[in-house]
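Asks: I am attaching a structure below and will ask some questions about it afterwards.
The values are calculated or read from the model by the stated rules, or taken from the named source; none is laboratory data. Remember, it's a predicted structure, so these values are computed and weren't measured experimentally. Don't worry about glycine lacking a Cβ; one is built from the backbone with ideal geometry, like all the others, and counts go over all protein chains shown.
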């Protein structure tokens, strides 16, 4: 069974033989694992066996942990941290054998990084998720992130004015852990005193954290304001120029292939499949194809060539041109006027 982290509380009364906790957001992952530990301990699983897929780890350790109940009477929670979800033949066999010989005195909790679609289709993953509970722990975006902040603020009795709450969300977007820590600090310092926009600026610094993948999504979906905010954040991080160039160029090369196929009235599904573009992201590519004209494509080609040359000759990134490139990708009103 598959659920999201915010749905977990509805599924802890009846314990499952195994739990899969995978995702890329550390705070919610930590909270999810903690909630499961507390739930199983409350129902008598007081002993914990902790395993980690680190150098020197042997999959036989999982078998030994599962069989240890023949020697001890305590019910136990077996925690296995996977640093790589590619379990390999040995790992897949060990996990399947464990599930084939489960004991009511054992509960298995596996946690690790985000589980991609190919991992979710593997035999071991399907077997465990069907027998237990697969909890997806993703970084909330947009309105989901804003609702999470509002809920956490209310829980801690931190009283924001509407514009201050909106500003707080912007300042911490993409950084859930820092947002949670800041709310805790405000709760202790301010209590229930109203926090308006001015007092927020005095007390809190901007700790938004973005990455290249979020920038790519914004470019495709045409989110100009957010794309520029991410770009500004990346500039402050002194990120490698080639990585920024890669983020733009990667999406543009794929868009050119899709645009050509579209003009030839060919199916785009083959390109999506070859490029491993999942259904959830294909909508964003379609938005970009609908929005960008051949004039946009010509302008983007020119800007990418200029940026690439600047990086190769001077080993730095011309941020002004990169910002212009972002505006062309997102097609602001300014750019519409430019192409008329």
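Asks: If you go through the range 166-188 one residue at a time, do you hit one that is more than 25 Å from the chain's Cα centre (by Cα), more than 27 Å from residue 29 (Cα to Cα) and not assigned by TED's automatic domain parsing to the domain that holds residue 240?
Replies: no
Asks: Hey, among 43, 30, 47, which residue is closer than 24 Å to residue 176 by Cα and free of Cβ contacts under 8 Å to residues at least 60 places away in the same chain? Walk me through how you get there before you give the answer.
Replies: Details: 43 fails: closer than 24 Å to residue 176 by Cα; 47 fails: closer than 24 Å to residue 176 by Cα.
Just a single option satisfies the conditions, and that option is 30.
Asks: Further question: Among the residues of the range 242-253, how many are over 22 Å from the mean Cα position of the chain (by Cα) and buried (at least 17 other Cβ atoms within 10 Å of the Cβ)?
Replies: 1
Asks: Let me ask you something else. Give the range 290-327 a look and list any residue that's under 29 Å from the mean Cα position of the chain (by Cα), more than 18 Å from residue 234 (Cα to Cα) and loosely packed, with under 13 Cβ neighbours inside 10 Å, or say none.
Replies: 290
Asks: Any residue at all in the range 187-207 that's surrounded by fewer than 18 Cβ atoms within 10 Å (Cβ to Cβ), out of contact with any helix residue (DSSP H, G or I) (no Cβ under 7 Å at 6 or more places or on another chain) and within 30 Å of residue 19 (Cβ to Cβ)?
Replies: no
Asks: Could you tell me which residue of the range 162-186 is surrounded by the most Cβ atoms within 10 Å (Cβ to Cβ), considering only residues that are farther than 25 Å from residue 230 by Cα and in contact (Cβ under 8 Å) with a residue 12 or more places away in the chain? Break it down into steps so the answer makes sense when it comes.
Replies: If we filter the range 162-186 for residues that are farther than 25 Å from residue 230 by Cα, which is where we start, we get 184-186.
Keeping just the survivors that are in contact (Cβ under 8 Å) with a residue 12 or more places away in the chain gives 184, 186.
Details: 184: 13, 186: 23.
For the range 162-186, the residue satisfying everything is 186.
Asks: When you go through (1) under 14 Å from residue 133 (Cα atoms); (2) surrounded by fewer than 17 Cβ atoms within 10 Å (Cβ to Cβ) one by one for residue 19, which number turns out not to apply?
Replies: Condition (2) is where residue 19 drops out.
Asks: Right, here's the next one. Within the range 66-99, can you find the residues that are surrounded by 15 or more Cβ atoms within 10 Å (Cβ to Cβ), at pLDDT below 90 and touching a helix residue (DSSP H, G or I) at 6+ places or on another chain (Cβ under 9 Å)?
Replies: Within the range 66-99, 66, 75, 85, 87 qualify.
Let's see how each residue does on (1) touching a helix residue (DSSP H, G or I) at 6+ places or on another chain (Cβ under 9 Å); (2) over 27 Å from residue 232 (Cβ atoms); (3) in a loop (DSSP other than H, G, I, E, B):
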residue	(1), (2), (3)
128	yes, yes, no
143	no, no, no
146	yes, no, no
153	yes, no, no
168	yes, no, no
182	yes, no, no
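Asks: For the range 1-119, please list each of the strands (runs of 3 or more DSSP E) lying entirely inside it that holds at least 1 residues being more than 27 Å from residue 174 (Cα to Cα).
Replies: On the way: elements: 2-4, 18-23, 47-52, 76-81, 106-112.
The qualifying strands (runs of 3 or more DSSP E) are 18-23, 47-52, 76-81, 106-112.
Asks: Also, quick follow-up: Filter the range 208-238 for residues that are surrounded by fewer than 16 Cβ atoms within 10 Å (Cβ to Cβ) and not in a helix (DSSP H, G or I) and give the result.
Replies: Result: 237, 238.
Asks: Cβ-Cβ under 7 Å, sequence separation 6+ or interchain: first residue in the range 276-290 and in the same structural domain as residue 252 (by TED's automatic domain parsing), partner in a loop (DSSP other than H, G, I, E, B) and surrounded by 13 or more Cβ atoms within 10 Å (Cβ to Cβ). Which pairs?
Replies: 285/277; 287/222
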